[in-house]
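Shown next, in structure tokens, is the structure this report addresses.
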Amino acid sequence: MANVDIDLGKYSLGWSDPEKNVFKPEKGLNEEIIRKMSEIKEEPEWMLDFRLKAYKRFLDKPMPEWVAKEKLSQLDFDDIYYYIKPTEDQADSWDEVPEEIKQTYEKLGIPEAERTYLAGVTAQYESEVVYHKNREDLEKLGVLFCDMDTAVREYPELVKEYFGTVIPPGDNKFAALNSAVWSGGSFIYVPKGVHVEDPLQAYFRINAENMGQFERTLILVDEGASVHYIEGCSAPVYTTDALHSAVVEIVVKASGTCRYTTIQNWSNDVYNLVTKRAQAYGNATMEWIDANLGSGLTVKYPSVYLMEPGAHGEVLSVAFANSGQHQDTGAKMVHLAPDTTSLITSKSVSKGGGRGAYRGLVRVEDGSETAKSFVRCDALILDDESRSDTYPYMEIEEASAVIGHEATVSKVGEDQLFYLMSRGLSESEATSMIVAGFVEEFTKTLPMEYAMEFNQLIELNMIEAGAVG
Amino acid sequence: MKNKLFEKKLKSLSSKDFKNITAKDEDWKYLGKKIFELNDIEIGKSSDIEASKTFDIDSNCFTYEINSEHDHIAIVNIDEVKKPLIKESIKRPFDKFNIEQFEKVTGGFQLNVKGDSEQYFSVNFQSADNAIPYIGISVDKNKSGKLYLNFDQLVNGNIYPIIEIFLNDNSNLEIILSVTSPKGINIVNSLYAQLEKDSNLTIHNISTGAALSRSRMDIDLLGNGSEFSLDGVYFGEETQIHDNRVFVNHLGKNTSSNMITKGVLGDQSSSIFTGTIHIAEGAEKTESHQENRNILLSEEATAQSVPNLEILCDDVICSHGSSVGPIEENVYHYVMSRGIKKVDADKLLIKGFFNEVINDSKWAKVHDKVSEIIDRKYMNLIGRKNG
């Protein structure tokens, strides 16, 4: 599987979407649209089949009732463009971008060129240069890194073998929807024993599709290989999409390592309903690092299935729920083999009427001898209007497994505030410093430029009047 | 038989309007096939039980007549009770099972604590057939009482008690809820309590018997300064299921709750613990802690633990912890390096595990009994292991 030829020439074309104007977009979803979409993408028969079957599953599945029932019931599936957004829906000029978003860019000091892209005004192809350079390095290592649509065309064997195996379309309603209408996303294959030193970043691959509504990502880390992938960016992404529903599948083969970092900061009217799952084989390590700052409703529980002995899974999840936001995030660890270990750390901050929730599952199947798992959830509530929930599920069917869970919820300590304020900080400065300290475990896993931006963002979130994002 | 006391409640609610309970319902999850039995409770043929026949109510070995008063405790048969004990205006969660309990109540009594009593008042339940007894308990202002609800002698017939508790201002109630009956029967109870200002409810929960022993507690801390505490032990062997669900609603200010439940599971037994601490908006200065610890002694035993928090207020101190695992290696090492055999070490460590709960002076009344049951159950496990 490692001997896939790489045709670099195709990559430069992979970014644009020349057929864009051929398809006249319409709202709502039916089989016809899916067939058309598949045809335009020149997909093989099996992919069309996959999509159509998934569409049926999507129709059959009821809306989940156990989370954010009220918000989810307001979601109108018929009011969404499932493929290619009409141009009139995107902000045409910088002037149309809401003032608070512009201010945020200003405060974060984001370069002018990037601002317009982030605001969805233009697709910024200049950045391809950055990406291209990155890719040449990777090519020498035999690493495949391209968008998913290209991968279906270029590496059909690899894709067909793994696509939809980690998260089958019937997994949940939104995974089914994504399977039916997916478009864009990343495909990564890291060959045996290859260590990718620098993080791969979706951030630089500036193309409208990568920030799409229904992106589909598949990462394959072969034996003994390692990779760190970063998705999203900390600056708020302005979009008029109502629904973002991605699926991310990862397979980490024996002794491989994969770290997947997400910083999600969609604007506040977005439903962010994402399914992320990884399989870790013998002695492999899978880490999900997941920060959620934006969106109106986020439902996301990155999970690791520990398939073979010695596999290790980690989730570090940070959520900031501000006014009008509901962050329902967490993690799932499923232990299927002996000597598997997992660690979940969750930090949530609720403010201004926001609702932060940790919802997690640790499941240890019978026979997973001496499996160990530890879950730690900490929550900060910053005012009386906000809400913090913790729903940790533990299902243990193995006697020798050692499982622990600890959680605390509190407000910012008076003594900490007093200490900082007596040293000349204002109350809001002191509070944001404490909050930044609270999530430091997350921040320190980030590359420096991300970490700095993230900290600034926390600070912005803390300022009463100018809440953004 | 519909009881007059619940007429008002049942006017607006009927079990027919509720969906059948399934394994998907959060409150019934993990119970497996048992759920089918619970969807349509079958009451015994001789269900027109008179309270005095079904319940052997005794305190300090005396038998009391219903409708009598003793030790500052008044007991009234439910057929003669006019007013519901709890405030019906407070919204309380119901499901098909609860409502069916009220619809099919087979008898019961209301118990009113009018004066302070140091002694436990025991109620021994005996039943020859499936029954749904109602037990209403109220404590007057500034008074305190102790109650021992004993489900230890049920041999035939499942029992589905409804327990309602109302604590007036500054009152105190301590309850021992003991389920140690043989393993052939099911005991599924629904307990609901309302606590007024500065009142205090303590529940000691013993669950070592029955095929299925489930208790669901909904506690509403209505008044400022009210307190709830729960400590419990369970020990499963063979295919026993011990299911404990505790939902504590902090509604008043300055309220506190403290829960600790510990269990050991052997053979194919399983345990479920679901606890939810809900702190309402404006319930300032709340302090709440919840703990659930499980030891699995057998390959086939399972434990599910779901300690939830729902917090809508910032000025709170809240924590929960839960764990599932075998006895720790280093602890074994410590004990065995002092010349104690593995079997004895196990026994000692299990005792020590439970002692955190049962060594409390409040457990004095049942300490010896529980201690003996733990020993016996452990010996049973060893006996079966060695064939």
Checklist entry - Tell me, what is a quarter of the convex hull surface for the C-alpha atoms of the range A:306-357, in nm² with one decimal? => result 3.3
Item to check | Estimated D of chain B in µm² per second, where Rh is the Kirkwood radius over Cα pairs and Stokes-Einstein applies at 25 °C, 0.890 mPa s | outcome: 114
Item to check | Prolate/oblate/rounded label for the range A:294-433 (Cα gyration tensor, a/c 1.5) | outcome: prolate
Next on the checklist: Give me the percent relative contact order of the range B:210-338, please, defined on Cα pairs under 8 angstrom at least 6 residues apart.
Outcome noted: 22
Checklist entry - Share of Cα-Cα pairs in the range B:293-387 beyond 21 Å, in percent? => result 50
Checklist entry - If one computes the Cα centroid of the range A:324-370 and of the range B:177-217, what distance in Å separates the two points? => result 30
Checklist entry - What's the local net charge at residue B:288, with K and R +1, D and E -1, over the other residues with C-beta under 12 Å away? => result -3
Checklist entry - When every alpha-carbon pair in the range A:418-469 is counted, what percent end up more than 14 Å apart? => result 55
Item to check | C-alpha long axis of helix B:342-358 to longest principal axis of chain B, angle in ° | outcome: 30
Item to check | Length-normalised contact order of the range A:418-469 in % [C-alpha pairs under 8 Å, at least 6 apart] | outcome: 32
Checklist entry - From the phi of every residue in the range B:227-242, what ³J(HN,Hα) in whole Hz does the Karplus formula 6.51 cos²θ - 1.76 cosθ + 1.60 yield, where θ is phi - 60° and glycine or proline is x? => result 9, 10, 9, 9, 10, x, 10, 9, 9, x, 9, 6, 9, 4, 10, 10
Item to check | Relative contact order of chain B, defined on C-alpha pairs under 8 angstrom at six or more residues apart (%) | outcome: 9
Next on the checklist: I'd like the mean, over residues of B:323-332, of how many other protein chain beta carbons sit within 10 Å of each residue's own Cβ.
Outcome noted: 4
Item to check | Ranking of A:152, B:139, A:402, A:190 by count of other Cβ atoms within 10 Å, fewest first | outcome: A:402, A:152, B:139, A:190
Next on the checklist: Report the Cα centroid-to-centroid distance between the range B:226-267 and the range A:58-75 in angstrom, as an integer.
Outcome noted: 32
Item to check | Antiparallel bridge percentage (DSSP; both residues within the range B:4-326; nearest 5) | outcome: 10
Checklist entry - For the range A:290-323 and the range A:247-276, what is the separation of their Cα centres, given in Å? => result 8
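Computed from the coordinates by the stated procedures, all read-outs in this text should not be read as laboratory data. Everything numeric in this text was worked out from a predicted model, so none of it was measured. When we count neighbours, we look across all protein chains shown, and the Cβ atoms used for this are built from the backbone with ideal geometry, even at glycine.
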